[in-house]
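Worksheet: one structure, shown below.
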Amino acid sequence: VVWKTQDYPLEHQTGPGSSPVLHNGLLILNCDGCDLQYVVALNAETGEQVWKTDRSGELHKNPMMKKAFCTPIIVQRGDREELISPGANWVYGYDPDSGEELWKVSYGQLGFSNVARPITNGNTFFVCTCYGQSRLMAIDFGGEQPITESSVKWSYNKQVPNMPSPICVEGAIYFVNDRGIITCLDAESGEVNWQGRLRGGFSSSPLFADGKIYFANQDGEVFVVQPDKTELRILAENQLDARIMASPAAMGETLFIRTADSLYRFESR
């Protein structure tokens, strides 16, 4: 053990869920509990605090609706990098080196217990508002203009996931909701290309690898889907040994899938 810290206690009720991200020697973590809400950056080598920024947006009075479990992302905007960090009711932008709040955008309605990670296709980022009635919001991220509620390009509120993150492939947004409804939207307009159904309930996020999208459900089934803007094209269905909650991962020509009982490695030989 190089270092450890217990200096950042939170009341999550159901336990923590967000993962840290690494940036320029910093370990950055969303900390959105029922009692406290902030983002903190620690020196990755020593564990010492470099910056800590409290969430500034107004939240619901109910403590259970103040929490979030989302993992932030770091993206390039112009000549600088920004941390996109969803919390309850708001998505925030921070300077990842200093923790300075650069902007925040309200969801416009109740949104909390955020799990799905934000994604970007360059000049637009997409965020799920999660619990309440989950919406997928597309927010303009290009140029130098301030990001405000007027930056919202479109929003979509039918069968949007609470837990699985969406994925963007060649100008289309693909997502499966917690009940197995799969949707393909046009990334620019938010219009529906098609909608279908996969069996089972879903917690894990889809993975795009080797030109295909992999969806894994809680019954241990893995669906291999061909990205297509005109129809749902399922290339293969595979049954593994146990429940799948974790998202698949790929490295080179290898696919990793973790079930409740096993860790699988798949590779063509």
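Does region 245-260 include one or more residues that are assigned to a strand (DSSP E or B), free of Cβ contacts under 8 Å to residues at least 12 places away in the same chain and under 27 Å from Pro118 (Cβ atoms)? The answer is yes, given that some residue of region 245-260 is assigned to a strand (DSSP E or B), free of Cβ contacts under 8 Å to residues at least 12 places away in the same chain and under 27 Å from Pro118 (Cβ atoms). When residues in region 119-141 are screened for being touching a residue at least 40 places away in the same chain (Cβ under 8 Å) and under 18 Å from Arg80 (Cβ atoms), 5 of them pass. With a requirement of 1 or more residues that are open to solvent by 40 Å² or more (accessible area, probe 1.4 Å), closer than 15 Å to Ser113 by Cβ and in contact (Cβ under 8 Å) with a residue 24 or more places away in the chain, the strands (runs of 3 or more DSSP E) lying completely within region 1-103 that satisfy it span 90-94.
Once region 220-238 is narrowed to residues that are open to solvent by less than 70 Å² (accessible area, probe 1.4 Å) and not aliphatic (A, V, I, L, M), the residue that is nearest to Trp194 (Cα to Cα) is Asp228.
Does Ile213 fit the bill of being within 21 Å of Ser268 (Cβ to Cβ), assigned to a strand (DSSP E or B) and hydrophobic (A, V, I, L, M, F, W, C)?
Values: within 21 Å of Ser268 (Cβ to Cβ): yes; assigned to a strand (DSSP E or B): yes; hydrophobic (A, V, I, L, M, F, W, C): yes.
Here the answer is yes, as Ile213 does meet what is asked.
Could you tell me whether region 239-254 includes any residue that is touching a strand residue (DSSP E or B) at 6+ places or on another chain (Cβ under 9 Å), farther than 17 Å from Gly200 by Cβ, open to solvent by 50 Å² or more (accessible area, probe 1.4 Å) and at pLDDT below 95? Looking for residues that are touching a strand residue (DSSP E or B) at 6+ places or on another chain (Cβ under 9 Å), farther than 17 Å from Gly200 by Cβ, open to solvent by 50 Å² or more (accessible area, probe 1.4 Å) and at pLDDT below 95, one finds at least one in region 239-254, hence yes.
With (1) under 23 Å from Glu191 (Cβ atoms); (2) open to solvent by less than 10 Å² (accessible area, probe 1.4 Å); (3) modelled with pLDDT of 95 or more as the list, and Ile119 as the residue in question, which single condition is left unmet? All conditions pass for Ile119, except number (2).
The values are calculated or read from the model by the stated rules, or taken from the named source; none is laboratory data. All values derive from a computational prediction rather than experimental measurement. Quick reminder, even Gly has a Cβ in these numbers, built from the backbone with ideal geometry, and neighbours come from all protein chains shown. Quick note on the areas: whole protein, heavy atoms, side chains included, nothing else; ligands and nucleic acids left out. Shrake-Rupley method; radii C 1.70, N 1.55, O 1.52, S 1.80 Å.
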